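Visitor: Dropping a structure here in structure tokens format, bear with me for questions.
The values are calculated or read from the model by the stated rules, or taken from the named source; none is laboratory data. Because the structure is predicted, anything quoted here is derived from the model rather than measured. Don't worry about glycine lacking a Cβ; one is built from the backbone with ideal geometry, like all the others, and counts go over all protein chains shown. In case anyone asks, the SASA skips ligands and DNA or RNA and just uses the protein heavy atoms, side chains included. Shrake-Rupley method; radii C 1.70, N 1.55, O 1.52, S 1.80 Å.
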Amino acid sequence: MNRRRAATLEDVARAAGVSRATVSFALSGTGRLSDETRVRVRAVAAELDYAVNLGARNLRRARAGAIGLYLPESTNGLAYYMDFIFGVVEVASASGQSVTIVAGSETTGTVQAHVDGFILIDPPDDDAAVRRILEGRLPVVSGEVVPAALPAPWGTVYSDHSLGMAQLMDHLHERGSRRPALIAPATNTTWGRSLLESYQSWCAARGIRPLVRESSRRFMPDDVRRVATELLVSDDRPDAIVSAPDGSAVGAVSAARALGLNVGDDVLVSAYADSLAMQMCDPPVTAIDLHARDFGMRCARLLLSALTPAPLGEQAPDAAPAPPATAPDAPPIVEPFTIDLRVRASTAGA
């Protein structure tokens, strides 16, 4: 029985009437091509049942064909970071890249991964592995601003969390809150410090004494319920709680209801990080939508642009251009990312 010969890059180029380089750029999503050309080349490739030999391509380019995603130990299992990972994987897979998850550890700063570049998310300033990655020779994209004491990454995608917290506090004030409390995240990240500083500035501008319970590490559900209960039975009881750690607002709602308080009336409860748990809670919890999956996708696209910069003209498709991160004088790339307030029943107000 005769076996059909597998289609090659040259076959696709010949059938589409373009060069091999154009086929390579169209299928990898890189290069300066029109949308019409990309669609046409991909349609021809699909018709010929062409499949990229990723192993051979990476070998020719002296690439690993993978990007590393470093996750600090404090992020393990949290919904926001899982959604972020899915966003990174979606973009990487569409570009023929795999994703290597590099898990953090409090006991070692060693990072071992055969990858072409790294993505960081909420990098802590006290994580030895983060410093090693930033001091390395590979391009690094950070999701959120790297603490000032650490080396700057090649690129950063960030959200204005100071503004996000101020918008959330303004919303609570409009709904009648005059004594808001903050269950704060750990302040070893730029994100955590931004939330705390924004809350404190908001209170100072209105002559309100801050009411803060800080976390030196990841809050567990029992910790949140305990802290929220302590706040709600104190003589200085808040009329609103902003619970910032991922998923922690559910514990604050649980504590309030256990004390017989009506959430959304007797006490307003809000979260800084939205998730499915916030939407399904009873009552649904007002939160800042950080668009975690889209955020992960943006970070992955930015890193891929470092690994495969847009060519000035057509070149051999298997060429291995040096990533921009190797240029010592190139300024870091910084891209803002939009977040949104989602108002729900937990802050309905009296």
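Visitor: Tell me which residues, restricted to region 11-37, are out of contact with any helix residue (DSSP H, G or I) (no Cβ under 6 Å at 6 or more places or on another chain), open to solvent by 80 Å² or more (accessible area, probe 1.4 Å) and modelled with pLDDT of 80 or more.
Guide: Listed by number, the residues that qualify are Arg14, Asp35, Glu36.
Visitor: Whether any residue in region 215-233 is part of a loop (DSSP other than H, G, I, E, B), basic (Lys, Arg), under 26 Å from Ala292 (Cβ atoms) and touching a residue at least 24 places away in the same chain (Cβ under 8 Å) is what I want to check.
Guide: Looking only at region 215-233, we keep the residues that are part of a loop (DSSP other than H, G, I, E, B), and these are 215-220, 233.
Those still in the list that are basic (Lys, Arg) too: 217-218.
From what is left, the residues that are under 26 Å from Ala292 (Cβ atoms) are 217-218.
Cutting the leftovers down to touching a residue at least 24 places away in the same chain (Cβ under 8 Å) gives us 217-218.
Looking for residues that are part of a loop (DSSP other than H, G, I, E, B), basic (Lys, Arg), under 26 Å from Ala292 (Cβ atoms) and touching a residue at least 24 places away in the same chain (Cβ under 8 Å), one finds at least one in region 215-233, hence yes.
Visitor: Restricting attention to region 248-260, report how many residues are over 20 Å from His171 (Cβ atoms) and either part of a helix (DSSP H, G or I) or touching a helix residue (DSSP H, G or I) at 6+ places or on another chain (Cβ under 8 Å) (or both).
Guide: Residues of region 248-260 over 20 Å from His171 (Cβ atoms): 251, 254-255, 257-260.
Filter again for either part of a helix (DSSP H, G or I) or touching a helix residue (DSSP H, G or I) at 6+ places or on another chain (Cβ under 8 Å) (or both), leaving 251, 254-255, 257-259.
Result for region 248-260: 6.
Visitor: Name every residue in region 187-202 that is of a type outside the set (Ser, Thr, Tyr) and open to solvent by less than 10 Å² (accessible area, probe 1.4 Å), in order of residue number. Spell out how you get there, then give the answer.
Guide: The first filter runs over region 187-202 and keeps only residues of a type outside the set (Ser, Thr, Tyr), leaving 188, 191-193, 195-197, 200, 202.
Correct list: Gly192, Leu195.
Visitor: Shifting gears a bit: I'd like the full set of residues that are over 19 Å from Ile121 (Cβ atoms), assigned to a strand (DSSP E or B) and open to solvent by 10 Å² or more (accessible area, probe 1.4 Å), limited to region 262-295.
Guide: Result: Val263, single match.
Visitor: Considering region 165-197 alone, what residues qualify as being out of contact with any Leu (no Cβ under 7 Å at 6 or more places or on another chain), more than 25 Å from Arg225 (Cβ to Cβ) and not acidic (Asp, Glu)?
Guide: Those that are out of contact with any Leu (no Cβ under 7 Å at 6 or more places or on another chain), more than 25 Å from Arg225 (Cβ to Cβ) and not acidic (Asp, Glu): Ala166, His173, Thr190, Arg193, Ser194.
Visitor: Scan region 180-214 for residues that are assigned to a loop (DSSP other than H, G, I, E, B), in contact with a helix residue (DSSP H, G or I) (Cβ under 9 Å, 6 or more places away or on another chain) and of a type in the set (Gly, Ala, Ser) and jot them down.
Guide: If the condition is that a residue be assigned to a loop (DSSP other than H, G, I, E, B), in contact with a helix residue (DSSP H, G or I) (Cβ under 9 Å, 6 or more places away or on another chain) and of a type in the set (Gly, Ala, Ser), then Ala186 is the only one that fits.
Visitor: Scan region 121-159 for residues that are assigned to a loop (DSSP other than H, G, I, E, B) and on the phi < 0 side of the Ramachandran plot and report the count.
Guide: Our first condition is that a residue be assigned to a loop (DSSP other than H, G, I, E, B); within region 121-159, this holds for 122-127, 136-139, 144-154.
Still in the list and also on the phi < 0 side of the Ramachandran plot: 123-127, 136-139, 145-154.
Here the count works out to 19.
Visitor: Consider Leu120 carefully, then state whether it is of a type in the set (A, V, I, L, M), touching a Leu at 6+ places or on another chain (Cβ under 9 Å), crowded, with 16+ Cβ neighbours inside 10 Å and more than 18 Å from Ser305 (Cβ to Cβ). Walk me through it before giving the result.
Guide: On the way: of a type in the set (A, V, I, L, M): yes; touching a Leu at 6+ places or on another chain (Cβ under 9 Å): yes; crowded, with 16+ Cβ neighbours inside 10 Å: yes; more than 18 Å from Ser305 (Cβ to Cβ): no.
In short, no.
Visitor: Right, next: Just checking, how many residues over region 250-271 are under 27 Å from Asn76 (Cα atoms), in contact with a Ser or Thr (Cβ under 6 Å, 6 or more places away or on another chain) and touching a residue at least 40 places away in the same chain (Cβ under 8 Å)?
Guide: 3
Visitor: For the subset of region 165-180 comprising residues that are touching a residue at least 60 places away in the same chain (Cβ under 8 Å) and of a type in the set (Gly, Ala, Ser), which member is surrounded by the fewest Cβ atoms within 10 Å (Cβ to Cβ)?
Guide: Here the residue is Gly176.
Visitor: May I ask you to verify whether Ala325 is modelled with pLDDT under 95 and open to solvent by less than 40 Å² (accessible area, probe 1.4 Å)?
Guide: Values: modelled with pLDDT under 95: yes; open to solvent by less than 40 Å² (accessible area, probe 1.4 Å): yes.
Criteria met by Ala325.
Visitor: Out of Ala184, Ala205, Ala148, Ala152, which single residue is farther than 26 Å from Ala306 by Cβ and surrounded by fewer than 20 Cβ atoms within 10 Å (Cβ to Cβ)?
Guide: Result of the check over Ala184, Ala205, Ala148, Ala152: Ala205.
Visitor: On to the next question. It is to be established whether one or more residues within region 86-97 are crowded, with 16+ Cβ neighbours inside 10 Å, within 26 Å of Ala249 (Cβ to Cβ) and at pLDDT below 85.
Guide: No, the conditions are met nowhere in region 86-97.
Visitor: Would you say Ser162 is touching a residue at least 12 places away in the same chain (Cβ under 8 Å), within 18 Å of the chain's Cα centre (by Cα) and part of a strand (DSSP E or B)? Give the derivation first.
Guide: On the way: touching a residue at least 12 places away in the same chain (Cβ under 8 Å): yes; within 18 Å of the chain's Cα centre (by Cα): yes; part of a strand (DSSP E or B): no.
Judged against the criteria, Ser162 is not a match.
Visitor: Further question on the same structure: Here is a list: Asp246, Asp236, Asp274. Which entry is touching a residue at least 12 places away in the same chain (Cβ under 8 Å), more than 30 Å from Leu150 (Cα to Cα) and acidic (Asp, Glu)? Reasoning before the result, please.
Guide: Details: Asp246 fails: more than 30 Å from Leu150 (Cα to Cα); Asp274 fails: more than 30 Å from Leu150 (Cα to Cα).
Selected residue: Asp236, the only one of Asp246, Asp236, Asp274 that is touching a residue at least 12 places away in the same chain (Cβ under 8 Å), more than 30 Å from Leu150 (Cα to Cα) and acidic (Asp, Glu).
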